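Structure first, commentary second.
Derivation of every value follows stated rules applied to the coordinates shown; laboratory data play no part. Please read these numbers as outputs of a predicted model, since none were measured by experiment. Cβ coordinates were reconstructed from backbone atoms using ideal geometry, including for glycine residues, and neighbour counts include every protein chain displayed.
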Amino acid sequence: MGEIFSRIEHSRTADEVVQQIESLILEGVLRVGDRLPGERELAPQFEVSRPILRDALKALEARGLLVSRHGGGTFVADVIGQVFSKPVMDLVATHPKAAADYMEYRREIEAIAAEYAARRATADDRAMLGQIVRRMQAAHQGGDFEEEAAIDVEFHSAIGECAHNIILLHTLRSCYRLLSDGVFHNRLLVYNLPGARDRLLEQHLAIHKAVTEGDPQGARSAAMAHIDFVTQAMTEAERTGDWQRVSRLRLRQRTAPSRLEPDN
């Protein structure tokens, strides 16, 4: 982790340290699972004493924003996972309407995120997106669709970061948690559809191009077209999967040795 912490300018108190770390979590700079530097390294960055830093970290732990692991350091807590409870996630996973509503929601919210990102992305944001896209292209060329699917989520999350809206950022992160936690089991099936991987890469590149070129309407349109395709592809993947299941059962039944021949 680079030096993202800055010296406390005025009263060097635990409250000042707490506020800075809170802001970094809220702005999405510090993410779930990120490890903070050790006290010896971190105290000089803030230019506070180690007892003051220790008090700040304890206060953040008490608020549920940080967790300490004995002998393992201090980490950003899972502040996103609480948005969707386990019972709600189970319902979403098993009810088709919930999955459809999820895609409908994503279509609108990602359109807004892409539009804002095109308006607000900084040079550093564009550099970050460029790195993600290059990794996505490498995974695509290597035929690693699981890695490609993981970078897919990372790309959309990064677009949300580039929108520079705190509420939008955390709403999207909680939304994408459903994907990374495997709630939608048919998501990876989309990558098996003929031509789907190429189409998805093209669409991600179109979103990236519009954002980096500062084209808000182009970014919005590209994001919506992408979700329209994913929605259609997921439906087709489900149908194809069901057809394959039925065909396999038919074949198994008709080639079974114990199958009785019809009477003449």
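Would you calculate a helix-derived [θ] at 222 nm for the chain, using -39,500 (n - 2.57) for each DSSP H run of n ≥ 4 and dividing by the full residue count, to the nearest 500?
Result for the chain: -23000 deg cm²/dmol, rounded to the nearest 500.
Rg to Rh for segment 123-179: what is it, with Cα atoms only and Rh by Kirkwood?
Rounded to two decimals, Rg/Rh equals 1.02.
So what is Rg over Rh here for segment 1-131, counting just Cα atoms and using Kirkwood for Rh?
We get a ratio of 1.07 for segment 1-131.
Using only the Cα atoms of segment 14-76, each taken as one equal point scatterer with no solvent, compute I(q) by the Debye sum, divide by I(0), and report log10 of the ratio at q = 0.14 Å⁻¹.
Ignoring solvent entirely, the Cα scatterers give -0.34.
Would you list Lys86, Lys209 from fewest to most Cβ contacts within 10 Å?
Starting with the residue having the fewest Cβ neighbours, the order is Lys86, Lys209.
Evaluate Rg over Rh across the chain, taking Cα atoms for both radii and Kirkwood's formula for Rh.
Radius of gyration relative to Kirkwood radius: 1.11.
Students often check this: by mean Cβ neighbours within 10 Å, which of 127-134, 173-180, 65-72 ranks highest, and how do the rest follow?
173-180, 127-134, 65-72
Give the lysines reachable from Lys86 as a straight Cα distance under 20 Å; neighbours fewer than 8 places away on the same chain don't count.
Within reach: Lys97.
Could you derive backbone 3J(HN,Hα) for segment 200-209 from the dihedral phi with the Karplus parameters 6.51, -1.76 and 1.60 (θ = phi - 60°), listing whole Hz in sequence and x where the residue is Gly or Pro?
5, 4, 4, 5, 5, 5, 5, 5, 4, 4
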